[in-house]
Amino acid sequence: MHFAVLGSGSRGNSALVRSSDARVLIDCGFPLRETVKRLARLGIEPGELDAILVTHEHADHVHGVELLARHHRIPVYLSAGTLQGLRKPLEPAGLLTAGQRLQIKDMEITAVGVAHDAREPLQFVLSDGRRRFGQLTDLGSVTAEVLECYRGLDALVVEANHDSEMLARGPYPYPLKARVGGQWGHLNNQQAADLVAALDWEGLQHLVLAHLSEKNNTPQLARQCFVDTLGCDPDWLQVADQHSGLDWREIA
Ligand SMILES: [Zn+2]
Ligand SMILES: [Zn+2]
């Protein structure tokens, strides 16, 4: 299995996972042209995609979904709540609920429910039967379901959204600070690092920090928090950023 990130942050999120037979895009928060450009950077034509999984209806995750799916006839899978929340309606290939499994060629996908201020948000674990990859962003708190589903992975992309002090002192108006830092918002660096510490993370080949706030976090702070909490090698940690995302990584 391989995975890559087209870009991650409040201005657009999209990740790509491939097995021997399947190519699956998770979210598409970039305009169509930008998405095609970013896919090309990873050597992928939009027509090669077997499915788009959508986590939730926030614009940084769905901005380009409808156009990409329609122009290139790509099946879209999402929850009924997310479908209702979309500004541009689309005809889904299938509806997902938390805990449900979906098979796309040789890839098995598990939908995981998360605590986030969207209608019916999901995150995803993908497996080719041999290795397991987890995508986990946009959650304000860690639930038993998350701890159970993300245990013992081979690769994990996890949200490290903000540093709580930077958020408190930063430029956001109070209601937005409360939303971002709340139970249904986003994980701060320490919450994310504690979450990973609570999983069997020693088997991870890749740990990627994602959805970093450009106003309320820095890659240095996020990395340091994980290094301090996990005691891991700083060079092993990877950060997926807004502009360049993350190039293909192999899950051996
Ligand atoms: Zn988001
Ligand atoms: Zn969101």
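Throughout, read-outs are computed from the coordinates displayed, never taken from laboratory work. Computed from a predicted model, the values in this text were never measured in an experiment. Every residue, glycine as well, gets a Cβ built from its backbone with ideal geometry; the counts of neighbours run over all protein chains shown.
Counting only residues 5 or more places away or on other chains, whose amide H sits under 5 Å from the amide H of Ile44 once H atoms are built in the peptide plane?
none
What are the lysines whose alpha-carbon lies under 26 Å from the alpha-carbon of Lys177, with same-chain residues fewer than 8 places away excluded?
Correct list for Lys177: Lys215.
Set the Förster radius R0 to 22 Å, insert the Cβ-Cβ distance between Arg119 and Glu145 as r into 1/(1 + (r/R0)^6), and round the FRET efficiency to 0.05.
Numbers: r = 17 Å, r/R0 = 0.79.
With a Förster radius of 22 Å, E is 0.80.
Which shape class applies to region 29-157: rounded if a/c is under 1.5, otherwise prolate when a/b exceeds b/c and oblate if not, where a ≥ b ≥ c are the square roots of the Cα gyration tensor eigenvalues? Let's see the in-between values first.
Numbers: a/c = 1.67, a/b = 1.25, b/c = 1.33.
Judged from the Cα gyration tensor, region 29-157 comes out oblate (a/c at least 1.5, b/c at or above a/b).
Can you give the FRET efficiency for Glu45 and Leu95, using 1/(1 + (r/R0)^6), R0 = 30 Å, r = Cβ-Cβ distance, to the nearest 0.05?
Details: r = 27 Å, r/R0 = 0.91.
Using R0 = 30 Å, I get an efficiency of 0.65.
Could you give me the ³J(HN,Hα) list for region 17-23, computed from phi with Karplus coefficients 6.51, -1.76, 1.60 and θ = phi - 60°, whole Hz, x at Gly and Pro?
10, 10, 10, 5, 10, 10, 10
Gain in length, Arg87 to Asp233, computed as 0.36 nm per residue apart minus the alpha-carbon separation, to one decimal in nm?
Details: separation 146, 0.36 × 146 = 52.56 nm, distance 4.28 nm.
Value of the extension gain: 48.3 nm.
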